[in-house]
Amino acid sequence: MNGKIFAIGDIHGCSAKLSLLLQRLPFDPGHDTLVFLGDYLDRGPRVKEVLDQICRLRQDGVRIVPLMGNHEYLLLEYHKTGDQALLPYLRGLGLENTLESYGGASLSQLTSLAFLPSEHRAFLDSLLPCWETEGYIFVHAGLRHGQPLAEQSIPDLCEIREPFLSADIDYGKRVIFGHSSFATPLVTPFRIGIDTGAVYGNLLTAVELPAVRFHHA
């Protein structure tokens, strides 16, 4: 890869902010890569529009790397297993906002995901738990200390907070992550956190690499 990488934090149905952010990025679709750090679903009002935008980028030939967030992970686990114990967690994550954005789909459709257009199902099925380049590890939530990347569990990659947040450890490559929101991006020698709480009325953030330049909407 010889282009720039632009990593975008948690979107949560904030389609207007995503649209504005994409307009503001100095992005060259012929050379650069867009990495989405997960959590496209829930809490915000326009989940369908968010997935429409990202799927359109892919259809237009833009190089995108979409990662799995904890919201997508739990929805897909419920879809695969039908485990009713997951439903309270999904509802607590703002699942109803996702269903409403698809025309008021019902909870009974979750096991089949029948409310999703085929391209949105394909998008969710394509999500990666992490992505590694020569200089960076991109992940939704963080890493478990002392475990090689290949041995990290998907729940940890999607959901971990501690001890990842409290111990600034060198993983050999700088870790770019979302999931845990900060008022402004977290920047340390070993990691960069770019969830700045867009769904809570704050900014949606992208980091441009390798320059470590931030863009907001």
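The values are calculated or read from the model by the stated rules, or taken from the named source; none is laboratory data. Just so you know, these numbers come straight off a predicted model, no measurement behind them. Glycine also receives a Cβ, built like all others from the backbone with ideal geometry; neighbour counts cover every protein chain displayed.
For the reader, a short list of remarks on this structure follows.
- Note on segment 59-83: among residues that are of a type in the set (Asp, Glu) and over 14 Å from Phe123 (Cα atoms), the one that is surrounded by the most Cβ atoms within 10 Å (Cβ to Cβ) is Glu77.
- The sole residue among Ser153, Ser166 that is over 22 Å from Pro45 (Cα atoms), surrounded by fewer than 17 Cβ atoms within 10 Å (Cβ to Cβ) and at pLDDT below 95 is Ser166.
- Pairs where the first residue, in segment 203-217, is farther than 22 Å from Asn2 by Cβ and crowded, with 19+ Cβ neighbours inside 10 Å and the second is at pLDDT below 95 and of a type in the set (Ser, Thr, Tyr), C-beta under 7 Å, 6+ apart: none
- Considered as a group, the residues in segment 100-115 that are surrounded by fewer than 19 Cβ atoms within 10 Å (Cβ to Cβ) and not in a loop (DSSP other than H, G, I, E, B) include one that is modelled with the highest pLDDT, and that residue is Glu100.
- Yes/no for Arg56 being farther than 17 Å from Thr205 by Cα, basic (Lys, Arg) and buried (at least 16 other Cβ atoms within 10 Å of the Cβ): no
- Sole residue being in a loop (DSSP other than H, G, I, E, B), within 18 Å of Ile11 (Cβ to Cβ) and in contact (Cβ under 8 Å) with a residue 12 or more places away in the chain, chosen from Leu75, Leu57, Leu41, Leu22: Leu41
- Selection from segment 23-49 of residues that are more than 21 Å from Glu134 (Cα to Cα), among the hydrophobic types (A, V, I, L, M, F, W, C) and surrounded by 24 or more Cβ atoms within 10 Å (Cβ to Cβ): Leu41, Val47
- Answer residue from segment 116-150, given it is of a type in the set (S, T, N, Q) and out of contact with any strand residue (DSSP E or B) (no Cβ under 9 Å at 6 or more places or on another chain) and is surrounded by the fewest Cβ atoms within 10 Å (Cβ to Cβ) among those: Ser118
- No other residue among Leu20, Leu95, Leu86 is surrounded by fewer than 17 Cβ atoms within 10 Å (Cβ to Cβ), farther than 17 Å from Phe138 by Cβ, in contact with an Asp or Glu (Cβ under 8 Å, 6 or more places away or on another chain) and among the hydrophobic types (A, V, I, L, M, F, W, C) apart from Leu86.
- Condition met for Asp52 (within 23 Å of Ala122 (Cβ to Cβ), at pLDDT 95 or above, of a type in the set (D, E, K, R) and touching an Asp or Glu at 6+ places or on another chain (Cβ under 7 Å)): no
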